[in-house]
Each structure stands twice: as C-alpha cells, then as structure tokens.
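Please read the structure below before turning to the comments.
Please treat every number below as a calculation from the coordinates, not as lab data. As the structure is a prediction and not an experimental result, all values here were calculated from the model. Heads up, the Cβs are rebuilt from the backbone with ideal geometry, glycines too, and the neighbour counts pull from every protein chain shown.
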Amino acid sequence: MTKKILLIKTSSLGDVIHALPAVTDLKAAGAAARIDWVVEEPLVAIARLHPGVDDAIPVAIRRWRGAWWRGAIRDEVKACKRRLQAATYDAVIDAQGLLKSALIALAARGTRHGLDFHSSREPLALFYQHTYRIPWDLHAVERTRLLAARALGYAVPPRCDYGIRAAARNFEWLAAPGPYAVLLHASSGDYKLWDEESWMTLGSALNAAGMQCVLPWGNARERERSVRIANRLRAAVVPPALNLDELAGLLAGGKVVVGVDTGLTHLAAALGVPTIGIYCATDPAATGIYGCARAANIGGIGRVPSALQVIAAVEGLLA
C-alpha cells in the first residue's frame, strides 16, 4: 500500500541535495503515493527540481529565530504549523536529525521516524515513535536513503539516482558563445577555500582548452574574489547576482564545473554535469560528491590538491 510521506530536510544546500536520492528510492519502491518536503525557503527550488516531490513546504527557521518576538513572525510560524497539520501523513521522516527538524516532525500529523541516540548529533529519539540505527561511516547520501528505506520497509536500490534535471539557459552576459567552465571558488567556511593563484592557473588551462570561465558569487567579498581571478584570465566573466533557478541553468549548460566543498558543486554533479570537487579541509568520503558517474573528488583533510592535479583531473574527466 502506497503512503503519504512528509520528508524533513531543511538545510543546507548540500544536505538537501544529498536527500534527493531518497525521494527517487521512495518512488521506485512504490512506497510513496505522495511526498511533501519541508525545506528552508531559499532552497525550495531544489526540492521542486525532483518530479517525485508533490509539494515543497517552506520554513524560515533561520529568519524566525532572529525575530521570534515579532507578531508578523509568530503569524508566519502559526501559518506554517497549520499547513503541516492540514494533512495526516502515514510517515513523517526526520532526515535532518537536529532539534529544529524534530520539532517540525512533532508539529506534523503522522507517525514520526528518526535516528536513534547512537545515530544523530543530538539526543532526539524521544521525539519519534520509531527510531533506527544508521551507521556513521556511511556517506550522507546513503544514511538518508537507509533511513527512508527502514521507515517504509523496502531495500535500498543498488543505483543512486538524484532524479533531477535542469535545462541549460542562455544568458546575455556570457562574454561569447561557446563552451564554458563554471568555477565555484566560494564556500561558507574559509577553511574550505582553494587559493586564488591555483584558480588562476586552472582558469588559464581551461582558456587554453577553448573554454571561457564563469565565476559566480554570493556576496560582496566573493564577488571581489571573482573579479580578481577573472582579471588574470584571458576569457572569463563575472556574472550578475543569480538566484538558485538561474544557477541551476548555468551549471546545466557548463562543459565542466570545478568547485570547492559547497552545495553548488553537489548540485552540478547531481545534474549530471562533469564535475570536479576540490577538498582542502573536509573528508569527501563523508560528504563529498557521491554516486555521480561524471564527477570526481580530489583532495581531503591535510591533502590540498595542486592546480596541476586538478587540471589533470579535469582532463581525465572530459576525456
């Protein structure tokens, strides 16, 4: 019997992308007649990329937390709670494993499933009617897939499929027609960054291979870095500010994407674009690009890759 399921995975961008294969699994197993997904409002576009998601329910916990005493914010929270309780779900799956997501699960109507005391960063097992021990040594993608499979009683399929597609978009600001590479140099933490000289060396090699380089940014500091790198390249463009839909279209049209440990790098790989993930201070075995045939991770904790290593990885991927 197929069921109505509420999936809770609110943030961040990379974590939300890592949850997409679980949606594919649920649909392929015939376990879900309907899937609704609770996600932070800026990331609703990602959930909606998957055809298996019937409704993306936005929350704004980060914004609400900073002004919870305001009447308008309290009204938003109440409206969200009413929306969560408008349907009764056969399974409410908390794939986030944090207090904020456990509280969302508690507000919804339905049988709650989550991680046990040994499997989550916070002791939340009392919030759920059913809990599951999910090994920590699994990749984040597989942890979510296994949690959903155990909650609904099916075997995890052998193939990992993110299930999303995006159409390439034509942008007037692209410097010239022809192939381009997207360089994702920005990340939420400076410890994840790759040095600018290496980006310039990589960009020059991509130019020599006939590709212009596109350097997206998300804030003023990142834009300044994009400009510095672009100014040292023969063919490069710093785009205007782009929303998530536009970024998906930009990534989808790229000949190759090279990025540090950031959500957009995972998005490119999930879209099937040839993608190289550069890891300078995090472990790709735990949260790196995963299950994507046209992608590769390079580097790791204490193993910052050189520009020549990344260039060779790009050449190998495109060959």
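Structure above, values below:
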| item | result |
| --- | --- |
| Potential lengthening between LEU138 and ALA87 on full extension [0.36 nm per residue; Cα-Cα distance subtracted] | 15.1 nm |
| Potential extension, HIS118-TRP64 segment - 0.36 nm per residue separation minus Cα distance | 16.5 nm |
| Globularity index of the chain, i.e. its alpha-carbon radius of gyration over 2.2 N^0.38 Å | 1.04 |
| Inter-label distance, nm, simple model (7 Å from Cα along the C-beta direction), ARG109/ALA72 | 3.1 nm |
| Relative exposure of GLU222, GLU172, judged by other C-beta atoms within 10 Å (fewest first) | GLU172, GLU222 |
| Virtual spin-label span in nm between GLN129 and ALA209, 7 Å along Cα→Cβ | 5.3 nm |
| Inter-part distance where segment 176-228 and segment 106-140 are each reduced to a Cα centre, Å | 39 Å |
| Cα-Cα pairs of segment 3-152 separated by more than 24 Å (percent) | 26 percent |
| Cβ charges +1 (Lys, Arg) and -1 (Asp, Glu), total dipole of the chain, debye | 800 debye |
| Span-like helix ranges in the chain, DSSP H, alpha carbon extent 15 angstrom or more, Kyte mean at least 1.0 | 307-318 |
| Order of SER119, SER188, SER101 - criterion: other Cβ atoms within 10 Å of each residue's Cβ, fewest first | SER188, SER119, SER101 |
| Area projected by the alpha carbon convex hull of segment 180-318, averaged over all directions, nm² | 7.2 nm² |
| Cross-link partners of LYS81 among lysines (Cα-Cα below 30 Å; sequence separation of 8 or more within a chain) | LYS3, LYS4, LYS9, LYS27, LYS100 |
| Projected label distance in nm at ARG48 and ALA33, using a 7 Å step from Cα toward the beta-carbon | 2.6 nm |
| Footprinting exposure proxy for THR265, THR24, THR111, THR10 (fewest neighbouring C-beta atoms within 10 Å first) | THR111, THR24, THR10, THR265 |
